[in-house]
1. Just to be sure before I move on: is TYR403 closer than 25 Å to VAL170 by Cβ, free of Cβ contacts under 8 Å to residues at least 24 places away in the same chain and not polar (S, T, N, Q) in the structure I sent?
2. Working carefully through the options ALA414, ALA423, find the one that is assigned to a loop (DSSP other than H, G, I, E, B), over 30 Å from ARG193 (Cβ atoms) and not basic (Lys, Arg).
3. Filter the range 308-344 for residues that are in a strand (DSSP E or B) and hydroxyl-bearing (Ser, Thr, Tyr); which is surrounded by the fewest Cβ atoms within 10 Å (Cβ to Cβ)?
4. Taking the range 313-340 on its own, how many of its residues are closer than 18 Å to GLN401 by Cβ and either modelled with pLDDT under 95 or not polar (S, T, N, Q) (or both)?
5. Residues that are part of a loop (DSSP other than H, G, I, E, B), more than 26 Å from CYS77 (Cβ to Cβ), aliphatic (A, V, I, L, M) and within 21 Å of the chain's Cα centre (by Cα): does the range 221-232 have at least one?
6. If a residue must be in contact with a Ser or Thr (Cβ under 8 Å, 6 or more places away or on another chain), in a loop (DSSP other than H, G, I, E, B) and aliphatic (A, V, I, L, M), how many such residues does the range 137-163 contain?
7. Pairs under 7 Å by beta carbon, first residue within 14 Å of LYS48 (Cα to Cα) in the range 15-36, partner modelled with pLDDT under 85, six or more apart or different chains?
Amino acid sequence: MRAFQSLYFAVLLAVVSVTNAALVDDIIDAITGAATCAACHTLFVPLKVLAALGDKPFTSTFKVICKAINVVDDDVCEGAVGQQAPVLAHNLRSINPLGQTATKLCDSLLGLCQQPKVNAYNVPFAKPAPASYTKPQAGKKAPFQVVHFSDIHIDRQYTVGAEAECTKPVCCRNYADQAGKPISKAAKAMGMRNCDTPTTFVHSLLNQIGTNNKFSIFTGDLVEAAVWLVNEAEVTSDINTFNSELASIPKVKVYPALGNHESAPVNLFPRNGTKKGSAQWVFDAVSKGWEPLIGQAAAQQAKTKSGSYSILVPGTNLRIVSLNTVYWYKTNFWLYDDNNQFPDPNGILEFAASQLQAAEDAGQRVWIIAHMPPNRYDTLHDQSHYFDQVINRYKHIISGQFYGHSHQDQFGIAYSDYNNRNANTAVSNAWIVSAITPRSNNPTFKVYDVDPDTYEIMDAKVYRADIDDPNFHTSPSWTLGYSARQTYGSMLTNPSWPAASPLDAKFWHRVTEVFEKDRRAFDIYQGLRKGPGNSVEEVACTDDDCWKDTICELRGMNAQYACRRSTPGLNIRRRDENGTEYLSRVHANAECAGAGISHVFHELPGRKDSVDWDAVRVEIDAIIKEAEAEGAAATN
């Protein structure tokens, strides 16, 4: 095998040596011409040749391009591209650049392709659904309270006094290239906008959520978003430290889920059958850290089931099923290293179905908790569709679904018939909580009033800490933002929503019907979705397409029906060297995925005319020549 590999490289080296200049031209021509899905596939052809030269030249090439298009600072290019580009190189070496997997990769990287039509697959179930089911009646007993928080993004290197208006994706740190520069806005004790969460605020939060609540659910993303610096050692340390903090507060009982930031490189969770790479170290770390919270049996499941587990909440008839939905995340680049389509990467769907079946057999109710909701544009349509099969099969015992990831206060609805979406076909709903990190919004968590017989949600109260409050940095105050029953229930008339009825999928469908008829009601949702502290442009729908698509997304827990089309990028906040804030068109997943190589690809269509491609050509040519020389030395 080693002799064959040497011969293969020698042949490749001969081809590249003859066509070195042509390869550089092909790469640049394909990049500058990448404006359609077909052009994206065309781009992958020379990139596949570049990847065949090895990880080093591929990575170095995209470091050059990242710096040339000036999406992020050079050190971010070095770190993020350096971590993630080798996975893309591996993918391109492994797949047909014109096949379906490549189409999905084009969608993820550039947003130029739409996701392919869902592949036919029926999730296997152990038993057919029961012919009839009598659900317990809600509203007979006083509810108990549960806290839901997510996306805490703890920055263990947060530094009071550091620059809070920097040019990085995350500020309030002592970055090496900022040493000696004057501070325009100093970081304060409890957190700042543009920065992730300091430990002081974490401790304040944990003491707050443990008050008068039966338990809490945490739907992932505990690691900060300086992803270009994050490595396995830091992630493991962050997981261990946070779990120790949770376990050290006796009154805080937390059931966690795994987020896309709980890996290094960020978002990248290899499949069990991938040709290289493993995320087992993540599952080992969370298993160890979660054991004091969820017990030995569930912790062992987390270790062997890729971070997923199931547990019966003590003293209740409620089973919590925690799923690692990052295996359905289209920015998890490890999912694109094979031409074959895998309907259930790492068996997450199989595990969900088995635990729901066990709950059905035992007469239990179920909450599903996970990080990434399945109605988002960054969800793979195949897996969202297959998961929707699971939801519809066990809809009679699922009392709620709970997610984070979007950093927004949202909801979603699943239907038995997506061609006829109405209150009668609405079967399940998702509760999506905003983030704790103050990086873009005020820190937020939800408190649910839970019916003790059905375990359905009777009300959801949203609490926020106002980062602009003068007392925030000495004593953060959590105040009630709104009650879902009061705010949205009051919109429902003819008929009104009964006081004893839960805020279930039928309720939320009726709310969306109000949104269709009353733009003022819809604008209330839009304002609450991102919360105070955001500009009108960021929360308002300024055209009818945005309005209709947003409602469609709310009705699209099966993501292929969510009406969101992929685009090369969306606006997020950035700052220039003078600290002046502006909106940069970068990857749509930036808020939750973090800065990375996807920024480079998503920016290519929009920035190609501002790049000095002659200079880039010279640098890429030198990189390829260096690879040739190293390859020649290796074959001698």
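1. No, not satisfied.
2. ALA423
3. Ranking the candidates gives SER310 first.
4. Selection size over the range 313-340: 10.
5. Looking through the range 221-232, none of the residues is part of a loop (DSSP other than H, G, I, E, B), more than 26 Å from CYS77 (Cβ to Cβ), aliphatic (A, V, I, L, M) and within 21 Å of the chain's Cα centre (by Cα).
6. Result for the range 137-163: 2.
7. Qualifying pairs under 7 Å: VAL16/GLU628; LEU23/VAL16; ILE31/LEU604; ILE31/LYS608.
For every residue, the table says whether it meets (1) among the β-branched types (Val, Ile, Thr); (2) farther than 21 Å from PHE402 by Cα; (3) in a helix (DSSP H, G or I).
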{"residue": "GLU245", "(1), (2), (3)": "no, yes, yes"}
{"residue": "LYS251", "(1), (2), (3)": "no, yes, no"}
{"residue": "TYR255", "(1), (2), (3)": "no, no, no"}
{"residue": "LEU268", "(1), (2), (3)": "no, yes, no"}
{"residue": "LYS275", "(1), (2), (3)": "no, yes, no"}
{"residue": "SER278", "(1), (2), (3)": "no, yes, no"}
{"residue": "TRP281", "(1), (2), (3)": "no, yes, yes"}
{"residue": "TRP290", "(1), (2), (3)": "no, no, yes"}
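The values are calculated or read from the model by the stated rules, or taken from the named source; none is laboratory data. Not measured: the values here are computed from a predicted model. Note that each Cβ is placed from the backbone with ideal geometry, even for glycine, and that neighbours are counted across all protein chains shown.
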